[in-house]
Every structure is written in C-alpha cells, then in structure tokens.
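Input: a single structure, listed below in structure tokens.
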Amino acid sequence: MLTIYLAGGCFWGLQKFIDFTPGVLETTVGYANGSTEAPTYKEVCGGSGHAETVKVIYDPAIISTEALLERYFEVIDPLSVNRQGEDHGVQYRTGIYYDDAAQEAAVKAFAAAKDRALGGRMKVEILPLAGFWPAEEYHQKYLDKNPNGYCHIPRSKLVPVRK
C-alpha cells in the first residue's frame, strides 16, 4: 500500500470525492505542512500555515499514483493560489505531499507534465510531507454525516466511479 497527501481546498468534499475512487482503501482529513504541531481547526483558520489535506492510502495494484493524481486534478483549480471555489486562505491551497522517496519521482514527473500542459502556470505545491495531523472527529467523513453540507466540488462529481 502507498500513502499520499492531497490538499485541494476544503477537505470535506475532496475526501468524499477520493473515497469513491477504486483502489483507495482509506482516507483521513487533517492538517499538513504548517508551522506548528497538532493544530486545531481554529488555529489552522487563524493562520498556522497548514493546508487542509486528505491522507490517502491506496493500492497501487488497483490505481497508480499517476491515475490517482489525474483524478485529483478533476476537482481542483491548479492555477489558483490559496483558493478553491469560494474558500480562500492559505489553508485552502492545493498541494501534493509525499513521504516516500520512491514516490517522489512519480509525483514530480506527473507534476512537471501537468505544469507544461498548463503553460508553466501551475500553482499546486509539490513538496515532501512536513507533518500531518488528523483533524477533529467531526471533520472526518463530514459530508457523509452532513449530506447537505457545504462543498466547493460540484455534487455531480461526488458519486462512485463507473467502470
């Protein structure tokens, strides 16, 4: 199994979207790559520098890192800085964070190709993971608990993948 960390605006919708991906075994929402350890939601919203992030554990025999990243790019605006949909602030930035040296090459190659396709304008962070802390329980699987909750990802995208 492999793990990757994806920041794509509000983590509620991104988690639900990724959960519908074949080969994804587990997701956890949390806070990554900020200035403090174990931040609270209030601290993240107050400027701790963390990104709302989804930790994704997946089976590379079912879905490759590149295919998972293609899916991620279906629901982010890769040209936006610190904003996705109506959410704005550093915690809503986009980012792909890795904690495995073997995965680093695949992530960087994928990102370089995407950036070329976007004319060198991509704003998605590509960085090693510098800490991840799970968010409070009420954030986990939030849209399952609150089906009418806010989400910047179109509801039409929050459905199981059809083969």
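Any residue that is free of Cβ contacts under 8 Å to residues at least 60 places away in the same chain and touching an Asp or Glu at 6+ places or on another chain (Cβ under 8 Å) - is there at least one of those in segment 70-77?
Checked segment 70-77: no residue is free of Cβ contacts under 8 Å to residues at least 60 places away in the same chain and touching an Asp or Glu at 6+ places or on another chain (Cβ under 8 Å).
Determine, yes or no, whether R162 is in contact with a helix residue (DSSP H, G or I) (Cβ under 8 Å, 6 or more places away or on another chain), of a type in the set (D, E, K, R) and either part of a loop (DSSP other than H, G, I, E, B) or buried (at least 16 other Cβ atoms within 10 Å of the Cβ) (or both). Outline the logic, then answer.
Numbers: in contact with a helix residue (DSSP H, G or I) (Cβ under 8 Å, 6 or more places away or on another chain): no; of a type in the set (D, E, K, R): yes; either part of a loop (DSSP other than H, G, I, E, B) or buried (at least 16 other Cβ atoms within 10 Å of the Cβ) (or both): yes.
Here the answer is no, as R162 does not meet what is asked.
I need the helices (runs of 4 or more DSSP H) fully contained in segment 1-115, keeping only those with at least 3 residues that are closer than 17 Å to G131 by Cα. Let's see the steps before the verdict.
Numbers: elements: 11-19, 41-45, 65-73.
Hits in segment 1-115: 41-45.
Only one residue in V159, V107 is farther than 13 Å from E52 by Cβ and touching a strand residue (DSSP E or B) at 6+ places or on another chain (Cβ under 6 Å). Which one? So that I can check it myself, show each step before the final result.
On the way: V159 fails: touching a strand residue (DSSP E or B) at 6+ places or on another chain (Cβ under 6 Å).
Selected residue: V107, the only one of V159, V107 that is farther than 13 Å from E52 by Cβ and touching a strand residue (DSSP E or B) at 6+ places or on another chain (Cβ under 6 Å).
Among the residues of segment 148-159, count how many are loosely packed, with under 12 Cβ neighbours inside 10 Å and within 23 Å of C45 (Cα to Cα).
1
Which one of E66, E26 is under 21 Å from I126 (Cα atoms) and either buried (at least 22 other Cβ atoms within 10 Å of the Cβ) or touching a Phe, Trp or Tyr at 6+ places or on another chain (Cβ under 9 Å) (or both)? Spell out the reasoning first.
On the way: E26 fails: under 21 Å from I126 (Cα atoms).
None of the other options fit; the residue is E66.
Looking at K141, K114, K145, K123 in this structure, which one is of a type outside the set (A, V, I, L, M, F, W, C), within 22 Å of P60 (Cα to Cα) and out of contact with any helix residue (DSSP H, G or I) (no Cβ under 6 Å at 6 or more places or on another chain)?
Criteria check complete, one pass: K114.
Look through segment 29-56, keep the residues that are surrounded by fewer than 15 Cβ atoms within 10 Å (Cβ to Cβ) and not small (G, A, S), and return whichever of them is farthest from L69 (Cα to Cα).
Of segment 29-56, the ones surrounded by fewer than 15 Cβ atoms within 10 Å (Cβ to Cβ) are 35-38, 40, 42, 45-47.
Filter once more, so that each one left must be not small (G, A, S): 36-37, 40, 42, 45.
Values: T36: 27, E37: 27, T40: 27, K42: 29, C45: 26 Å.
Ranking the qualifying residues of segment 29-56, first place goes to K42.
The numbers here are math on the coordinates, done by the rules we state, and not lab data. Note that the coordinates shown come from a computational prediction; the quantities given were computed from them, not determined experimentally. Here the Cβ is made from the backbone with ideal geometry for all residues, glycine too, and neighbour counts use every protein chain on show.
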